[in-house]
Amino acid sequence: MNAERPMIEVRDLVKRYTVPGRGTVRALAGVSFDVARGETLGLVGESGCGKSTTAQLLVRLERPTSGTIRIAGEDVAHARGARLRRLRRTVQLVFQDPYASLNPRMRVGTAIEEVLAVHDASTTAASRRARVAELLGLVGLPASTADRLPGRLSGGQRQRVGIARALAVRPDVLVLDEPVSALDVSVRAEVMNLVARLRDELGLTCVFISHDLGMVRHIADRIAVMYLGEIVELGSWRTVSDEPLHPYARALQEAVPVADPAAEAAWSARPLAGEVPDAAHPPTGCTFHPRCPLAEDVCRTTAPPLLPVDTGDGEEHLVACHVVARTHGSSD
Ligand code: SF4
């Protein structure tokens, strides 16, 4: 693979579902981004913005309606046979709730060994046990954790097991879907630090998904803000988290809570005034216009394209907003 080629290339990704009683729901409406090898891209937005759908498409739990995803040059949607097996080793998903992905009656060691056996049937039981101990050490758990049942572990320990399981097959890419949202606030930072350390040590490329801009800014190199199936702003973590331009990204930034669990819970439940529109009936023009304090007539009729804006720091910064395009000028 060309060293210059991005590890992940996503182009014009569209995903529509037919939901009985609701009609066609557009989960993704043409999303494009790249992630360089070793880079972490944060995907941020409210529930229903399409970030989890993107995760499912990246790991081939779902296929796109149209558009392409390439990971390490491989066409994710169309890989079959040996290519699909290789892809499944290359990219792994870390779930929000690792408990849901662990069999409650299966000991932790067996659950990790199972992954190893599926991906390489030639390994011996002894080598798999040794690798389990190594993986548990990697995520900061004692080797004795292998003999425990998931239900006997704390949330933080379970997520460490989830990460160990994802790392078992030595992936190049981790997709982390709200990996700390279900954890106590007190252990979130520990797990975030673990993810950052493993990413650096193992040279992983990561897509880190969260509703929490304040969380993502600590781990991402670049951040994409999503709204109703589209990327509305994409740039360096510092620009997007500290000086966002899109009105929605600005609302998210202003809503980043202080280190107060109650405030955080309240924000998670209702980050912005107004509801996210029904994805089965998205608003015309800019889909954010019903909630946008800056909306103009053109916003109600014409969708703004995602365009480069000139912020003077030389870094790529894309924003989909008529007003921002006018006030900051496109650097195209
Ligand atoms: Fe608001 Fe218009 Fe910009 Fe959409 S295009 S974010 S409605 S100002």
Output for Cβ contacts, cut-off 9 Å, separation at least six or different chains, first residue free of Cβ contacts under 8 Å to residues at least 40 places away in the same chain and closer than 15 Å to LEU174 by Cα in the stretch 56-80, second acidic (Asp, Glu) and outside any loop (DSSP other than H, G, I, E, B), reads GLN56/ASP177
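Let me confirm something: among ARG105, ARG80, ARG88, ARG128, which residue is under 18 Å from PRO150 (Cα atoms) and either out of contact with any Leu (no Cβ under 8 Å at 6 or more places or on another chain) or not hydrophobic (A, V, I, L, M, F, W, C) (or both)?
The match here is ARG105.
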Count of the stretch 195-243 residues which are more than 16 Å from the ligand (Cβ to nearest atom), in a helix (DSSP H, G or I) and crowded, with 18+ Cβ neighbours inside 10 Å:
10
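Considering only helices (runs of 4 or more DSSP H) fully contained in the stretch 1-115, which possess at least 1 residues that are β-branched (Val, Ile, Thr) and farther than 30 Å from TYR248 by Cα? Before you say what the answer is, go through the steps one by one.
On the way: elements: 51-58, 81-90, 98-101.
Those helices (runs of 4 or more DSSP H) span 81-90.
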Considering (1) in a loop (DSSP other than H, G, I, E, B); (2) over 29 Å from GLU46 (Cα atoms), say which one ARG131 fails and leave the rest.
(1)
Filter the stretch 273-312 for residues that are in a loop (DSSP other than H, G, I, E, B), within 12 Å of the ligand (Cβ to nearest atom) and hydrophobic (A, V, I, L, M, F, W, C); the one that is nearest to the chain's Cα centre (by Cα) is LEU306
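Return yes when THR24 is in contact with a strand residue (DSSP E or B) (Cβ under 6 Å, 6 or more places away or on another chain) and crowded, with 21+ Cβ neighbours inside 10 Å and no when it is not. Lay out the reasoning, then the answer.
On the way: in contact with a strand residue (DSSP E or B) (Cβ under 6 Å, 6 or more places away or on another chain): yes; crowded, with 21+ Cβ neighbours inside 10 Å: no.
When the stated conditions are applied, THR24 does not pass them.
Can you confirm whether ARG270 is within 14 Å of the ligand (Cβ to nearest atom) and either at pLDDT below 95 or under 20 Å from LEU234 (Cα atoms) (or both)? Give the steps one after another, and end with the answer.
Values: within 14 Å of the ligand (Cβ to nearest atom): no; either at pLDDT below 95 or under 20 Å from LEU234 (Cα atoms) (or both): yes.
Against the criterion (within 14 Å of the ligand (Cβ to nearest atom) and either at pLDDT below 95 or under 20 Å from LEU234 (Cα atoms) (or both)), ARG270 does not qualify.
The values are calculated or read from the model by the stated rules, or taken from the named source; none is laboratory data. The shown structure was predicted, so the numbers you read here are calculated from the model rather than taken from an experiment. Cβ: placed from backbone, ideal geometry, glycine included. Neighbour counts: every protein chain shown.
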